[in-house]
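Just so you know, all these numbers are worked out from the coordinates, no wet-lab data involved. As the structure is a computational prediction, the values presented were derived from the model and not from experiment. With ideal geometry, Cβ positions are generated from the backbone for all residues, glycine too; neighbour counts draw on all protein chains shown.
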């Protein structure tokens, strides 16, 4: 087997592993809204305690794996990680703030424009080629997303707050895309270390704004925050950043559509919200599109060369 074939085999294996990691991360991500609502905390407190418990988990993981050694750190890496931390923490704050202004449904719809931002940034910054079929699959996934997320007419009752919420959700989507591009530039840095530094810097950024006097008064509230930090931050971001480093940007964008489907199912199980037939059809489109990009199904014929 020549070196080119070996390289292709390794890339294919890396893509398969990245797809599994991304899918698991999106399954975890779909439960975040439930934990946030159940905790009863403000966006500032939720993000701060998420960073605290997630940071403790990631420090333990990095220490166990030997990633706290000097050779893993450089001023260049720390600079990129600091920018990524600002982006990811800002992403959390803006998205949680958008929920109370434009409704969770509309904020989720607008936020999930981030795969398109991610693909566009990948083409502009990383010079990644986007096939016509990939664009078509992303379009199908977004149509499915619009079908899945139910938008209530009542959200238009307060136009000022509604438009503010839309702006927050768009800002959150853009910051997520920026964070993903930065993470992709740190291919030689273990994803566990990137996630750890992100949340530790998040603690420093958010500590002046945390409302400690409004911290949970019940065991259940603390349990929600601990699970959010340990599982849905510490473990989830190790999987997410590992997937981002392995996958093409377009595939990362398509697989991210799995998360709203999971969120709808969690809403149904936790709060009794039943899925309408249109939502079931939309969920099927999202999963079909994710599979189409992951398995490289071609739905737009390839262009033939002029001499053929």
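Once you have a ≥ b ≥ c as the square roots of the Cα gyration tensor eigenvalues for the chain, tell me rounded if a/c is under 1.5, and otherwise prolate or oblate according to whether a/b is larger than b/c. Oblate, since a/c reaches 1.5 and b/c is not below a/b. Given R0 = 51 Å, the distance between the Cβ atoms of residue 132 and residue 161 translates into a calculated FRET efficiency of 0.85. Counting neighbouring Cβ atoms within 10 Å and putting the fewest first, the residues 182, 88 line up as 182, 88.
Rounded to the nearest 0.05, the FRET efficiency derived from the C-beta distance between residue 12 and residue 73 at R0 = 30 Å is 0.40. Can you list the residues of the range 25-60 with backbone N under 16 Å from a point 7 Å past the Cα of residue 213, pointing along Cα to Cβ? Answer for this model: 42, 45. Protection proxy ranking of 26-36, 213-223, 11-21, by the mean of other Cβ atoms within 10 Å over each peptide's residues and highest first, is 26-36, 11-21, 213-223. Sorted fewest first by neighbouring Cβ atoms within 10 angstrom, 264, 166 come out as 166, 264. Considering helices alone, the calculated mean residue ellipticity of the chain at 222 nm is -25000 deg cm²/dmol, with DSSP H runs of length four and up weighted by -39500 (n - 2.57) and normalised per residue.
Between the range 39-104 and the range 129-146, what's the alpha-carbon centroid distance in Å? A separation of 29 Å, based on Cα centres.
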